[in-house]
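Below: one structure, written as structure tokens.
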Amino acid sequence: MDQENKSGYKKTKIGWIPEGWKIRELRNIANIVAGGTPSRKKKEYWNGSIPWLTTSLVSFNRINETEEFISEVGLSNSSAKLFKKGTLIMAMYGQGKTRGRVGILEIDAATNQACAGIVVNKKSIDKYYLFHNLCFRYNEIREIGHGGNQKNLNAELIRNIPIPIPVLFEQKKIVQILNTWDNGIEITQKLITAKEQQKKALMQQLLVGKKRFPEFENYEWREYKYNELLLEVRRAVSFKDNERYHLISVRRRSAGLFQRESMYGRQIKTKDLRIAKAGDFIISKMQIVHGASGLVTEKFDGMKISGSYIALVVKNQNLLAIEFLDWLSKMPYFYHQTFISSYGVHIEKMTFDFKTFLKLKIYVPSNIEEQQKIASVLQTADKEIGLLKKKLTKLQQQKKGLMQVLLTGKIRVKIDEDKTKNPGF
């Protein structure tokens, strides 16, 4: 049931909220101050002991470190302000989706002029409640900065933001619930980072023979030219007007394949398509310098690739495991090989010379089982990261749902009756 049909709710300029909640503009509960930047021409203003924050580090987070530092003399001779731990920071402008993002300082820090410091000045306001509220209203706040010729926020616009305010005890209960999810999200993010670093280290060691499995230590690694191991395949497509064709592409930076579109035969003007099979290794001739290559998995078996792709299969299954090649293709060495095999005057317009590439060399374990085990270990590490990312997404979705009901009062937290009185402002 909507609040409009429930007793105990009232309509305000930001929507329906509980009767006992108040609406106050941010100016009435906090001081809003913009930061500043010391002159870059004065060396003595920089590399001091005072953390100096830019909007790139403001991302709905708790901020406990910065990339740059200024000196005491730089602070005193500029418009930069030193904000205390617990100050909320809002990005007023910046690249992409930066505008409107919020963070909260866990250290004392100065900021540049693109940041606004929000210092709560009322004992009846929990700063973390305000932090969660502003994070939740990110898209709404971004729209505030759409007026005029420039899509930026400024201190005055921020001061005018209306805030729904429950009693302090309810604020703290809301914060307690949301912080529980934040802690789970933070722990999961740290686990993902650790697992990704671990996988990177494994790749750097296993794929070049620095680290060996004991059972394979007596087997050497051998050098081959790519043309000794790989063969291009071109499987022609028989077109029918009323048949649907699923087209796949490969992402840059070794990010895997994806289905880009599905079209009927009559809709395809340039009928230069080929059939991709599971186990193919495909290379984008136009994007390989950006890491656009990857293994066709069962999910994409039978789908189609355009003529701008090269499909490769292994000549001899006893010499090369295609899964090993797939992992090797994510390494800087492979990126370098594809780059020197390409030509063009601009990185975005380079074309792959397949014949040149085939003459280059690859270094692989002579025992095919070692190749397979290396690929299996890395695939297991990748799956673990994938599961953690799914968990992270679920936690983030759960928190978003909680914010939607708790910060609007759609669902109320239980508080004692003697703590329901909202003090004056």
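The values are calculated or read from the model by the stated rules, or taken from the named source; none is laboratory data. Quick caveat, the model's predicted, so the values are computed rather than measured. Here Cβ is always computed from backbone atoms with ideal geometry, including for glycine, and neighbour counts include all displayed protein chains.
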Just the residues that are crowded, with 19+ Cβ neighbours inside 10 Å and either within 19 Å of residue 379 (Cα to Cα) or not assigned by TED's automatic domain parsing to the domain that holds residue 333 (or both), please, taken from region 234-291.
250, 257, 280, 281, 282, 291
Keeping to region 301-333, report how many residues are over 25 Å from the mean Cα position of the chain (by Cα) and either within 21 Å of residue 374 (Cα to Cα) or not hydroxyl-bearing (Ser, Thr, Tyr) (or both).
23
So for region 216-230 (the condition being within 21 Å of residue 297 (Cα to Cα) and without any contact (Cβ under 8 Å) to a residue 60 or more places away in the chain), does at least one residue qualify?
no
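In the list 393, 380, which residue meets the criterion of being closer than 30 Å to residue 178 by Cβ, surrounded by fewer than 14 Cβ atoms within 10 Å (Cβ to Cβ), of a type in the set (Val, Ile, Thr) and outside the structural domain of residue 274 (by TED's automatic domain parsing)?
Working: 380 fails: closer than 30 Å to residue 178 by Cβ.
Going through 393, 380 in turn, just one is closer than 30 Å to residue 178 by Cβ, surrounded by fewer than 14 Cβ atoms within 10 Å (Cβ to Cβ), of a type in the set (Val, Ile, Thr) and outside the structural domain of residue 274 (by TED's automatic domain parsing): 393.
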Check 163, 141, 187 and return the single one that is of a type in the set (Val, Ile, Thr) and either in a loop (DSSP other than H, G, I, E, B) or surrounded by fewer than 16 Cβ atoms within 10 Å (Cβ to Cβ) (or both).
187
Taking the conditions exactly as written (surrounded by 13 or more Cβ atoms within 10 Å (Cβ to Cβ), within 19 Å of residue 322 (Cα to Cα), of a type outside the set (Lys, Arg) and not assigned by TED's automatic domain parsing to the domain that holds residue 300), does residue 178 satisfy them or not?
no
Residues in region 52-65 that are crowded, with 19+ Cβ neighbours inside 10 Å and either part of a loop (DSSP other than H, G, I, E, B) or in contact with a His (Cβ under 8 Å, 6 or more places away or on another chain) (or both): how many?
2
With the checklist (1) touching an Asp or Glu at 6+ places or on another chain (Cβ under 7 Å); (2) under 19 Å from residue 135 (Cβ atoms) in hand, flag the one item residue 71 doesn't pass.
(2)
Which condition number in (1) under 23 Å from residue 9 (Cβ atoms); (2) crowded, with 18+ Cβ neighbours inside 10 Å is the one that residue 216 fails?
(1)
Return the residue satisfying two criteria in turn: it lies in region 1-53 and is free of Cβ contacts under 8 Å to residues at least 24 places away in the same chain and small (Gly, Ala, Ser), and of such residues it is nearest to residue 86 (Cα to Cα).
49
Answer yes or no: is there a residue in region 84-93 that is basic (Lys, Arg), in the same structural domain as residue 33 (by TED's automatic domain parsing) and touching a helix residue (DSSP H, G or I) at 6+ places or on another chain (Cβ under 9 Å).
no
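Of everything in region 54-90, what is in contact (Cβ under 8 Å) with a residue 60 or more places away in the chain and not polar (S, T, N, Q)? Give them in sequence order.
Of all residues in region 54-90, those in contact (Cβ under 8 Å) with a residue 60 or more places away in the chain come to 54-55, 60, 90.
Selection gives 60, 90.
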Is it the case that some residue within region 112-121 is surrounded by 21 or more Cβ atoms within 10 Å (Cβ to Cβ), in contact with a Gly (Cβ under 6 Å, 6 or more places away or on another chain) and not in a loop (DSSP other than H, G, I, E, B)?
yes
